[in-house]
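The values are calculated or read from the model by the stated rules, or taken from the named source; none is laboratory data. It should be emphasised that the depicted structure is a prediction, and the values quoted were computed from it without experimental measurement. All Cβ positions, even for glycine, are placed from backbone atoms using ideal geometry, and neighbour counts span all protein chains on display. Accessible surface is based on the protein model in full, side chains and every heavy atom, while ligands, DNA and RNA are left aside. Shrake-Rupley method; radii C 1.70, N 1.55, O 1.52, S 1.80 Å.
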Amino acid sequence: MKKELIFLGPPACGKGTQTTMLAEHLHFPHIDTGSLLRAEIAANTDAGKEAKLYIDEGHLVPVTLVAKIIKNRLSQDDCKNGYILDGYPRSLEQADALTGINDSINGNQKTSFKAIYFDIDTDMLIERIVNRRSCPKCGEIYNLKSKAPKVDGICDKCGEKLTQRKDDTREIAQERFDTYFKETAPLIDYYKSRGVLKTINANGDISEVWERLLKAVND
Ligand code: AMP
C-alpha cells in the first residue's frame, strides 16, 4: 500500500532533521516545499521570482504556485510507493488542494495517509532559528548553540561553507510564526477530525524525538 506521510509543526520544530532521517529509513523521497521553492529562487525561474516576494516577508507563497510544484513532484516515479511531505500543506486551502492532487495521481491505488504533528514548546524556537546554519551542498543542518560544526562555518560532512537562510532573521522568523498560527495550525483539527492525525511530543533531543516518530509512523 502506498504510504503518504505529511508533517505539521511550527518553524524550526525539528521536522526537517527528523523527516530527512525518516526518508532514508523508509527509502521514500523527502519532499520539502521550502527547499523546492529556494531551488526555484536559486535557478531564477519565474516561479522562483514570484515566490521570493513572499518568502522574504515570511508569508505563504500563493496556493496555485505551490500546488503546481507539488503536483509535478508527487507525479514522479519515485513517489509511487510513498512519500514524505515536509512543509505542505500549510493552510486549509492547500489541504484541499493536496486531496485533489493525490486523487488525480492515485486513481484506484490503495493508500494510507497520515498527518504527523510535532507538538513542541514554541518559546525557544526563535533562538533556534537565528542560530541555525545549513550546508548549501549536502543539506546538513547545524545550530551554533546546540550542534555547532567542528570547524567554525564549515560543514563537518562535506567541507562546504555554511550559510544562513535569508529568512532566518528575528524579524522574519516572528512573521513566519504569525503565519503558522493563523494559516497552518488549523490543520491540526482538520486532520484530527478526519481521524488521520498522529501527535508526537517534539521536545527533547534528536534521538528521543526519533523514537517517538518511528512509533507514530508504525502505529
Ligand atoms: P521552510 O523552509 O519550511 O521554513 O519555508 C520557508 C518559506 O517558504 C516559508 O516561510 C514560506 O514563505 C515558503 N513556503 C514553504 N512551504 C510553503 C507552502 N506549503 N505554501 C506556501 N509557502 C510555503
Cβ pairs under 9 Å, 6+ apart, first in segment 111-138 and within 18 Å of Asp168 (Cβ to Cβ) and among the polar types (S, T, N, Q), second open to solvent by 40 Å² or more (accessible area, probe 1.4 Å) and part of a strand (DSSP E or B): Ser134/Ile141; Ser134/Thr163
Of all residues making up segment 5-44, the number that are more than 15 Å from the ligand (Cβ to nearest atom) and over 14 Å from the mean Cα position of the chain (by Cα): 7
Residue check for Ser35: surrounded by 14 or more Cβ atoms within 10 Å (Cβ to Cβ), at pLDDT below 95 and either of a type outside the set (Phe, Trp, Tyr) or farther than 20 Å from Ile116 by Cα (or both): yes
Pairs where the first residue, in segment 198-215, is farther than 13 Å from Leu8 by Cα and the second is part of a helix (DSSP H, G or I), C-beta under 7 Å, 6+ apart: Ile206/Thr17; Val209/Gln18; Trp210/Gln18; Trp210/Met21
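Mind listing whichever residues of segment 3-16 are out of contact with any Lys or Arg (no Cβ under 7 Å at 6 or more places or on another chain), crowded, with 17+ Cβ neighbours inside 10 Å and at negative phi?
Glu4, Ile6, Leu8, Pro10, Cys13, Lys15, Gly16
Residue check: is Phe113 open to solvent by 50 Å² or more (accessible area, probe 1.4 Å), part of a strand (DSSP E or B) and of a type outside the set (Ser, Thr, Tyr)?
Yes; evaluated as a whole, the condition is true for this residue.
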Residue match in segment 52-62 (condition: more than 7 Å from the ligand (Cβ to nearest atom), among the hydrophobic types (A, V, I, L, M, F, W, C) and surrounded by 14 or more Cβ atoms within 10 Å (Cβ to Cβ)): no
